[in-house]
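Right, one structure below, let's go through it.
The values are calculated or read from the model by the stated rules, or taken from the named source; none is laboratory data. Fair warning: this is a prediction, and the values are worked out from it, not measured in the lab. Glycine also receives a Cβ, built like all others from the backbone with ideal geometry; neighbour counts cover every protein chain displayed. SASA here: full protein model, heavy atoms, side chains in, ligands and nucleic acids out. Shrake-Rupley method; radii C 1.70, N 1.55, O 1.52, S 1.80 Å.
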Amino acid sequence: MTRVDIGAALLVALGGALLLIAIASLPTGSRLRRLYGVDDRDDAGARSNAVVLGGTGAFLLAVAAAIAFEVPDRTIAVAVLGATAAGAVALGGLVRYRDRREILTTPNADRERARRLGGAVMWVGALLSVPLAAVLLEAGELAIAAAALSVAAVSTVLVAAAYR
């Protein structure tokens, strides 16, 4: 089994697990609801979390399929970075401007903390344009890795500061 096969298998396993968790969290009284802080009676919150988890799982399965069908690496990178950036901005905007706190993995976040976290996630999505540009401009692997690691470090600081 090659490294690519192992990576694709891990993506399938993680994507499938996220889909199963999303489905298992939908019934009222599900233990999974309580694990991520959604009240047993909050069906709308459980559905919101299930959509995010299910969407992430489906996304990972799509990436695994692209790898299995030997789509060029740069094409996959552009698709993954672009979709992740757009998803982060969209989810952050929902939390920040539409007060969709149930999407957060932080249970019972107050309105102000949720607003800060939503803004931080929107910044993370915007920052993902840096490694995306590096891939689109056909930069070397080292430059792309440096851009991605830099964005990861700055993103961690942004989310930590927003969580305070």
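Yes/no per residue for (1) hydrophobic (A, V, I, L, M, F, W, C); (2) under 30 Å from A139 (Cβ atoms); (3) open to solvent by 40 Å² or more (accessible area, probe 1.4 Å):
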site: L14; (1), (2), (3): yes, yes, yes
site: R34; (1), (2), (3): no, no, yes
site: V38; (1), (2), (3): yes, no, no
site: R41; (1), (2), (3): no, no, yes
site: A66; (1), (2), (3): yes, yes, no
site: R100; (1), (2), (3): no, no, yes
site: I103; (1), (2), (3): yes, no, no
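For the subset of the stretch 22-32 comprising residues that are in contact with a Lys or Arg (Cβ under 9 Å, 6 or more places away or on another chain) and of a type in the set (S, T, N, Q), which member is least open to solvent (accessible area, probe 1.4 Å)?
Residue satisfying both the conditions and the ranking: S25.
Which residues, counting only those in the stretch 125-164, are open to solvent by less than 30 Å² (accessible area, probe 1.4 Å), within 21 Å of L94 (Cβ to Cβ) and at pLDDT 95 or above? Steps first, please.
Going through the stretch 125-164, the residues open to solvent by less than 30 Å² (accessible area, probe 1.4 Å) turn out to be 125, 128, 131, 134-135, 139, 147, 151, 155, 162.
If we keep only those that are within 21 Å of L94 (Cβ to Cβ) too, we end up with 125, 128, 155, 162.
Of everything in the stretch 125-164, those that are open to solvent by less than 30 Å² (accessible area, probe 1.4 Å), within 21 Å of L94 (Cβ to Cβ) and at pLDDT 95 or above turn out to be G125, L128, S155.
Write out, first by first residue and then by second, each pair whose Cβ atoms fall under 7 Å of each other, whose residues are 6+ apart or on separate chains, and whose first residue, in the stretch 136-153, is farther than 17 Å from G82 by Cα while the second is modelled with pLDDT of 95 or more.
Here the result reads A143/A134, each pair linking the stretch 136-153 to a residue that is modelled with pLDDT of 95 or more.
Give the residue, chosen from L19, L94, L60, L10, that is closer than 24 Å to A152 by Cα and open to solvent by less than 60 Å² (accessible area, probe 1.4 Å).
L60
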